[in-house]
Amino acid sequence: MCQLPDCRAGGKLSPCHPSVIAGKLPQDGRIVEIGCGCGVLLSYLLGQGRDVTGVEPEPGRFPPVEGARILAGRAEDLPLPDESCETTIMECVFSLCQPEASVRELARVLVPGGTAVIADMFSQAEGVTLHHSPMVRRVCPAGGLYAYFQERFTLCSFEDHTTGLRSMFLQAVLQGTPGDLQILKQAKAGYGIWIWKKRCCS
């Protein structure tokens with residue numbers, strides 16, 4: 001886990017140890033981590049001998065990750081050819097991006113049958129908007145992701161890891177984000193991991 005006080009996405013205040021995400025990935029194929037930030041998960045996957053590339057809007061903001069290939073780019077406009085990878089990962093990133101454009105790009109760069117792993121927060125409360133919080137400005141209800149993915153992807157599994165948020169909340173307090181924390185409490189924030197498969201005829 002990496003703490004960067006001035007960076008919401010790159011700080012990766014993730015409730016999950018990298019091994020949790022790594023355990024959800026197919027055994028073979030090319031992996032792209034979108035919004036790799038300071039490279040915690042990227043380094044872990046490289047240490048496992050995986051073929052992984054990172055994408056980050058401003059890679060120069062972070063110390064280099066030894067042996068890593070990191071491309072400058074955003075989820076809404078990935079710097080990758082069509083059908084160029086078997087797996088994509090967005091950890092604590094999807095809620096910070098434009099969802100429709102991001103899902104279109106995931107479908108474009110994944111091979112047919114490819115895997116999209118989304119690990120992020122979701123709201124368990126009704127009628128609470130988080131759009132005014134820079135930390136969690138596009139968190140949606142757990143079922144809200146279906147609306148974005150259902151046209152091009154099939155949901156294979158969902159795991160609720162909400163208990164892991166306690167550590168993240170503590171780090172948010174230490175980083176001085178009490179306003180964000182209050183909004184998270186109002187939303188009854190949860191944390192989940194969605195595994196989506198790109199349909200062969202998406």
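The values are calculated or read from the model by the stated rules, or taken from the named source; none is laboratory data. Quick caveat, the model's predicted, so the values are computed rather than measured. So basically every Cβ, Gly included, is an ideal-geometry build from the backbone, and we count neighbours across all protein chains shown. We work out accessible area using only protein heavy atoms, side chains counted, and drop any ligands, DNA or RNA first. Shrake-Rupley method; radii C 1.70, N 1.55, O 1.52, S 1.80 Å.
What residues have an amide H closer than 5 Å to that of I89, excluding those fewer than 5 places away on the same chain, when H is modeled at 1.01 Å from N in the peptide plane?
V32, E33, I34, V117
With every protein chain in place, what's the accessible area of V65 (1.4 Å probe, Å², nearest 10)?
Accessible area, nearest 10 Å²: 20 Å².
Residues with beta-carbon under 10 Å from that of T115, excluding T115: net charge, scoring Lys, Arg +1 and Asp, Glu -1?
Values: positive: K24, K197, K198; negative: E86.
Within the 10 Å Cβ shell, the charges total +2.
Applying the Karplus parametrisation 6.51 cos²θ - 1.76 cosθ + 1.60 with θ = phi - 60° to the phi angles of the range 68-81, what ³J(HN,Hα) value in whole Hz is obtained for each residue in order, glycine and proline being reported as x?
Result, ordered by residue: 8, 9, 10, 9, 7, x, 10, 4, 7, 7, 6, x, 9, x Hz.
So for the range 45-86, taking the charge dipole from beta-carbon charges (+1 Lys/Arg, -1 Asp/Glu), which of G47, P57, C85 sits furthest toward the positive end?
Projecting each Cα onto the dipole axis, the largest value belongs to G47.
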